[in-house]
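**Q** Got a structure here, written out as C-alpha cells. Questions coming.
Computed from the coordinates by the stated procedures, all read-outs in this text should not be read as laboratory data. Model, not experiment: these values are computed from the prediction. Note: ideal-geometry Cβ built from the backbone for every residue, glycine included; neighbour counts use all protein chains shown.
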Amino acid sequence: MDVLKNTMKSLLNDINGVNIGLMTLNGINQSLPVSDIDKGQQRRTAIDLINAMQPNGGTPIARALYNAARYFNGFPGKHDSGNALGKNVASPITSHCQPSHFVLLTDGQANGYSNADKNNIENLMGARTCPTTNGDSAGEACSIKLVKWLHDEDQSPLANDMGIQNVFTHTIGFALNALGGAQGQKVRNYLQDLANNGNGLHRTADKADELLDAFKAIIKQATEIKNTSFVNPSPAGGDYQSDEHKKQIYYPMFQPIEHDRWPGNLKRYGLRVNGNNLVEIDNSKPPIDAKDVDGQFKSNARSWWNDDVIDGNDVSKGGAAWKLPAPNERHLWVGFNDYSRAPFPTAQTNGNTIQLTPNNSPIIDKLNNNSEHKELLRYIRGFADDGKTARRALGDPLHSAPTLFSYECKGDFNTTTGKCVESADTENTSQMAIIGTNEGFVQMFDTATGIEQFAFMPEELLKNIKPLYQDSTTGSRAHIYGMDNTVTVWVDNLNANGTFEKKAKKVYAYATMRRGGKSVYALDITDRNNPTLKWKISAGDSGFERLGQTWSQPVKTKINIDGKITDVLIFGGGYDEQQDTPENYRTASQGSDIYIVNAETGEKLWSASNDAKITEMKYSIPGNVRVLSLDSSGKSRADGLATQFFVGDVGGQIWRFFINNGNPLDTLVIGGGTGNNGLLANFGGTPGNHDANARRFYHGADVAAETSGGKSTLFVNIGSGYRAHPLDTKVHDHMYSLHVDLTDNGKTLTEADLSRQTDGKFNGSKTTDEIINGQKSGWLVELQGLGEKIISTPKTISGRLFVNTYMPPRASNDPCAGGKSENSTYGLNLANATPFGAADTVDTGNYSDYAILSKSQGALGDPNVICFEGNCWVQFAPGEFSDPFSRQAGAGRKTYWIDL
C-alpha cells in the first residue's frame, strides 16, 4: 500500500492537462468526481484521498465497474443513473468529442459478485445478460461483458448528441506474484480479457517504477489525439505507360502524438463513379463508401489487403502494416557509406557479439551491452517488446507520398505505344508503391497484395533505432525524422533502339530525407528483393558544400550535353533549419543552390549558387524544381529533352533557367531575368523582419503553357506560406500567377508588375485588359484569412487553377471546435483570377465564390488529378473531388501537372 500511495502521488504531481477522478473498489463514497486536475483543489483532494486509503476489504471488480459506468453514462430516461458515486452528480461527459477512460488497478481476483450486481449490470446494458451462477468466475464474465458494452455502445448522456461516446477500459495488475503462480496467472488472464474487450491496455507491475511506467503508458494512450492525418493521396497509374488511372487510391497515414514514435501506415481504397461524383469505396463485399458525410473514414470501413480487418479510421490497423512478412522473413537492408550493404541480422543471432558494419563496428553505437543490441535488432525487424510477437507497424510518412510504378506488363503488350493491352484484370501490371518513412526505411510494397518487398536504411540513420525503441517507456516527445520525403523512380524500359519493352531494363529510386538529413541516395531496385546503393550525395561532398536538408525531390529528365543525351536529376539545394527562426528571414542560408547531376553516377554536372554572376541566390531552396520540355512553339518536345526550369526560395524569390541543349557544360544553362541573373521575380520583404511581407516559397511552382494568336505564354503559378510555422499569423501570403513569354524578356518582376486582386473584390475585366495590353505580367490574389497560407503546390488543368490553403485554428467557445484548422480549395480562372464554376459568367467576385471549405483533418497536400472513363476529377483532399470534366476539355492547351 505504501508503494501504491507513493507511486500514485508521484503520478498526480507530474500529470497536467487532463480531467481526472478516483474511485475505490470498496465504496463509492470513497470517490472523487472527475474534474480538471489543474484547477481548484482537485490535485490536492485526490492526493488526500490516496493518503486516506486503507488495505482492507475485497476486490468486487464487477460492482465497482458498474458504479463507475453509472457515473459516466447517467442520464434520466437513457441509462440507470441511480445514485452515482453515492450522491447525485453529473456525468463527466460534457462534450461529444471527449474521450473517456477507466483505469482499473487491482492486486487480486474479482470477488464479492452477487445477484444484485448481476441484475444491476443487466439493467444497465439492456439486451446483454450475465451468467446466473454467483461466484468469482461469473463476476469476471459479467464484468467483461460490461466493459465491452461500454466500448461498443454509445455512452453519451448528452441530449440530441450526434456523436458516439465510447469508454475505454485499461487494467493494471499490481503485485500479483503474491497470489502464487497459478492464481496470479489467472488474474492476469482476466485483466487482459478486460482490457481486450474494453479496447485498452493491460500492464502488470511488481515494483514502484514498473507501476509508474504502467500508468504513464496508459495515460499516454488515453491522451493521444485519435484522428488521422494524410499526406498526398496517390492514384494508381494506368496499365504500364497508360494515360488513364486505375480505380485505386493510396493513402499514406500518420497519427501525430507527443512522443518519439508516431504510428504510420499505407492503405489502399477503390474508386467508383456514382452519378457525376467520384467516391472512395472500401473492400467490403459488397463495397461501401469508405467516407462519411464529415469526410472521415467510417468506423466499419475496410481498406484493401486485409479482408478480415475492419480498420475504419484507426491508423495502425490494417493496411500495409498488417501485411508485413514475419519479422525474420523481411528483406531488411542496411546501406553503408562505402556503398556495401548487408541484411539486418535476425533476432535469433547467436554469439557473444553482433557485428555488421564493414569496419567491424557495432551496428548501433553506444550500446550498453550485447543484450541491448539484440533487443534493438529485434525491434527494427518488427518484433514487439516481448521479442516474440510481431508488432505490425510502419514508421510515419509525415511528408512522403507513395510513388507508384510498374516493373512489367503481365498481359499483352504493344511495343509501339509501350502500353499494356487493357483487360478486366485491374492488376495487369506488377505495380509497386515505394515510400519513405521516419522509421528510417525506404520501403516498397506490392500494390496487389500490400506485402513489403524490401526495406532499405542508410547507415546514418542507424542511430535512430535506439530512441525509437525506447519510446515504449521513455518517449522524449521529440519527433524523430528519417527518410521523410517522396521517392523519385526512374523506370527504363527502352531497348538500344529506343523502342519499348514489356519488362523494365532497369529501375532506380532516388530518396531524399527532408528533416531526416542532408543526403540524396540512389538505389538500384531492378531486383525488387535486393536493392543496392548505387551512389549517394551528402552535404560537405566536393561540389555540395552548401547542401541543406534534402527537401527538394529530384526531378528525372534528359538533356543534351555537347551532343550526348544524358539522363539527369535536377533538384534544389534544400533547407537550412536556421530558417525555422522567423527573425532569420532573408539571411544567407544553406541550400541556396540548384543542382543538375548525372542520374547514373551522381556526378555534379552544373549548379547555380551565390557567386559573382548570381548574387541574389542566397536563400534556401526547399521546393521541387518545375522542369519543362517545350520546343520553340510551346509544344512538348518529341525527344523529351528538358528546356527550362523554375523554382522558388524561402526569401520570396522565383528563379528561371534555360537549357541550351547540345552546348558544352560551360554554356549549357543560362539564367533568365535581368542580365541573365536567373531571377524571374522578387516578392520578398526586408531581411531580418518577420512581418506581413516576409513571404516564403517552400513548395514548387506549377507551370502551364498556352498558345493563343500565335503567341505562346507560360503561366507560372506558386503560393507563399511559412511551412515551418503553419500557425504563424504575421505574414500576409499571396497566390501568384506570372504570365511570361516562352523565351526570356530580361526582366525581374515585382508585385507592382501584377494585377492585384484584394479586399474580397475581384475585377476580371480589369485584370484581363491589363495583361493583354502589356501593363501587367500576371496577377496575385491576397489571401484574406488570418494566417491563411499556401503550403502545397497548385494544379493547373484546362485553364483552371486549383490551390489549397491552410488557416490556423481560431479561438472558439466550443471545446470540440477549438484547435481545428481550416483547409480550403480555391478555384480560379487562369487568365484573370475570377472564380470559375457557377461564377464563370460574372466579372467580379468575393472570396466566398472561390473557396470550398474542406472537411479534411491535418494540412492538405497538393490537389490531385484522376482520369478514367473519358473524364477527369480534381481531388482537393481525401474523399473530396471536383465535378467531372472531359479529358478533351483542355484541347489546345498543354498542362504539366503529371508525367504520363
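**Q** How big, in percent, is the set of alpha carbon pairs in region 466-589 lying more than 25 Å apart? Present the calculation step by step, with values, prior to reporting the outcome.
**A** Details: 3222 of 7626 pairs.
Percentage above 25 Å: 42.
**Q** Hey, another quick one. Give the angle, between 0 and 90 degrees and rounded to the nearest 10, that separates the Cα long axis of helix 181-197 from the longest principal axis of the Cα atoms of the chain.
**A** Long axis of 181-197 versus the principal axis of the chain: about 50 degrees.
**Q** How many nm is it between the label spots at THR133 and SER636, if each spot is 7 Å from the Cα in line with the beta carbon?
**A** So the label points at THR133 and SER636 sit 7.4 nm apart.
**Q** May I ask you to order 197-210, 140-153 by the average number of other C-beta atoms within 10 Å around their residues, highest value first? Write down the numbers at each step before the final one.
**A** Working: 197-210: 18.1, 140-153: 21.6.
Most protected by this proxy first, the peptides run 140-153, 197-210.
**Q** Also, quick follow-up: Rounded, prolate or oblate: which fits region 732-775 when a ≥ b ≥ c are the square roots of the eigenvalues of the alpha-carbon gyration tensor, with rounded for a/c under 1.5 and prolate only if a/b beats b/c?
**A** Numbers: a/c = 2.55, a/b = 1.44, b/c = 1.78.
Note, shape of region 732-775 comes out oblate.
**Q** Further question on the same structure: Among MET1, MET807, MET513, rank each residue by its count of other Cβ atoms within 10 Å, from fewest to most, as a rough exposure measure. Don't skip to the answer; put the middle values down first.
**A** Values: MET1 11, MET807 20, MET513 25.
Lowest count first: MET1, MET807, MET513.
**Q** Let me spell out the model: positive unit charges on the Cβ of Lys and Arg, negative unit charges on the Cβ of Asp and Glu, origin at the Cα centre of the chain. What dipole size does that give, in debye rounded to 20? Walk me through the numbers before you get to the answer.
**A** Values: 87 positive and 100 negative charges, 149 e Å.
Charge dipole of the chain: 720 debye, to the nearest 20.
**Q** Of GLY387, SER100, LEU271, which is farthest along the charge dipole of the chain in the positive direction, counting Lys and Arg as +1 and Asp and Glu as -1 at C-beta?
**A** GLY387
**Q** Report the FRET efficiency, 1/(1 + (r/R0)^6), for ASN6 and ASP107, where r is their Cβ-Cβ distance and R0 is 25 Å, rounded to 0.05.
**A** On the way: r = 15 Å, r/R0 = 0.61.
Efficiency, from the Cβ-Cβ distance: 0.95.
**Q** What percentage of all Cα-Cα pairs in region 684-788 are separated by more than 17 Å?
**A** On the way: 3150 of 5460 pairs.
Pairs farther apart than 17 Å: 58 percent.
**Q** Show me, for region 293-306, the HN-Hα J-couplings you get by feeding each phi into the Karplus relation (A = 6.51, B = -1.76, C = 1.60, θ = phi - 60°), rounded to Hz, glycine and proline as x.
**A** Coupling constants for region 293-306: 5, 8, x, 9, 5, 5, 5, 9, 6, 10, 6, 5, 5, 10 Hz.
**Q** At 0.692 mPa s and 37 °C, plugging the Kirkwood radius over alpha-carbon pairs of region 539-894 into Stokes-Einstein gives what diffusion coefficient in µm²/s?
**A** Details: Rh = 20.9 Å.
Roughly 157 µm²/s, to the nearest whole number.
**Q** Counting alpha carbon pairs within less than 8 Å and at least 6 residues apart, what relative contact order, in whole percent, applies to the chain?
**A** Numbers: 2207 pairs, mean separation 61.0, N = 900.
Result for the chain is 7 percent.
**Q** In which sequence would GLU244, GLU329 go, from the one with the fewest C-beta neighbours within 10 Å to the one with the most?
**A** Details: GLU244 18, GLU329 12.
So the ranking, lowest neighbour count to highest, is GLU329, GLU244.
**Q** Compute the angle between helix 61-73 and the longest alpha-carbon principal axis of the chain, please, reported from 0 to 90 degrees and rounded to the nearest 10.
**A** Between the helix axis and the principal axis of the chain, the angle is about 50 degrees.
**Q** Please give every one of the lysines within straight-line cross-link reach of LYS145, meaning a C-alpha to C-alpha distance under 27 Å, and leave out same-chain neighbours fewer than 8 residues apart.
**A** Result set, ordered by chain and number: LYS78, LYS87, LYS118, LYS186, LYS216, LYS220, LYS226, LYS298, LYS317.
**Q** Dipole of region 539-894 (Lys/Arg Cβ +1, Asp/Glu Cβ -1, origin at the Cα centre): which of LEU727, THR615, THR758 lies farthest to the positive side?
**A** Result: THR758, furthest along the dipole toward the positive end.
**Q** In addition: Given axes a ≥ b ≥ c from the Cα gyration tensor, I'd like to know whether region 99-166 is rounded (a/c under 1.5), prolate (a/b larger than b/c) or oblate. Walk me through the intermediate numbers first.
**A** Numbers: a/c = 2.94, a/b = 1.64, b/c = 1.79.
Judged from the Cα gyration tensor, region 99-166 comes out oblate (a/c at least 1.5, b/c at or above a/b).
**Q** What does the helix-only formula give at 222 nm for the chain: each DSSP H stretch with n ≥ 4 adding -39500 (n - 2.57), the total divided by the residues, and the result rounded to the nearest 500 deg cm²/dmol? Don't jump to the answer; show the numbers that get you there.
**A** Values: 11 runs with 131 residues, N = 900.
Rounded to the nearest 500, the figure is -4500 deg cm²/dmol.
**Q** Net charge near ILE561: determine it from the other residues with C-beta under 15 Å of the C-beta of ILE561, scoring Lys and Arg +1 and Asp and Glu -1.
**A** Details: positive: LYS558, LYS564, LYS604; negative: ASP562, ASP567, GLU600, GLU603, ASP639, ASP666.
Net of charged neighbours comes to -3.
**Q** Hey, another quick one. Would you list THR615, THR674 from fewest to most Cβ contacts within 10 Å? All intermediate terms of the calculation are to be shown ahead of the outcome.
**A** On the way: THR615 10, THR674 17.
Ordered from fewest to most neighbouring Cβ atoms within 10 Å, THR615, THR674 come out as THR615, THR674.
**Q** While we're on this one: Dipole of region 2-222 (Lys/Arg Cβ +1, Asp/Glu Cβ -1, origin at the Cα centre): which of SER156, LEU12, GLN54 lies farthest to the positive side?
**A** Ranked along the dipole, the leading option is GLN54.
**Q** OK, next. How large is Rg over Rh for the chain, taking Rg from the Cα atoms and Rh as the Kirkwood inverse mean of 1/r across Cα pairs? If you can, show how the numbers build up before the last one.
**A** On the way: Rg = 30.2 Å, Rh = 30.1 Å.
Reported Rg/Rh (Cα atoms, Kirkwood Rh): 1.00.
**Q** Net charge around TRP333, counting only other residues with Cβ within less than 15 Å of its Cβ (Lys, Arg = +1; Asp, Glu = -1)? Intermediate values should be presented prior to the final figure.
**A** Working: positive: ARG330, ARG341, ARG381, ARG528, LYS534, LYS536; negative: GLU329, ASP338, GLU439, GLU452, GLU459, GLU460, ASP524, ASP527.
Taking every Cβ under 15 Å from that of TRP333, the sum is -2.
**Q** May I pose another question? First check a/c for region 626-697, with a ≥ b ≥ c the square roots of the eigenvalues of its C-alpha gyration tensor; if it is under 1.5, answer rounded, and if not, answer prolate when a/b is larger than b/c or oblate otherwise.
**A** Working: a/c = 3.43, a/b = 2.24, b/c = 1.53.
The shape class here is prolate.
**Q** Given H placed 1.01 Å from N in the peptide plane, which residues other than close sequence neighbours of THR169 have an amide H under 5 Å from its amide H?
**A** Here the answer is PHE102, GLY198, ASN199, GLY200, since their amide H atoms fall under 5 Å of that of THR169.
**Q** Applying the Karplus parametrisation 6.51 cos²θ - 1.76 cosθ + 1.60 with θ = phi - 60° to the phi angles of region 456-464, what ³J(HN,Hα) value in whole Hz is obtained for each residue in order, glycine and proline being reported as x?
**A** 10, 10, x, 4, 5, 9, 4, 5, 7
**Q** Just to confirm the number: angle between the C-alpha axis of helix 42-51 and the first principal axis of the chain, 0 to 90 degrees, nearest 10?
**A** With rounding to tens, the tilt is 40 degrees.
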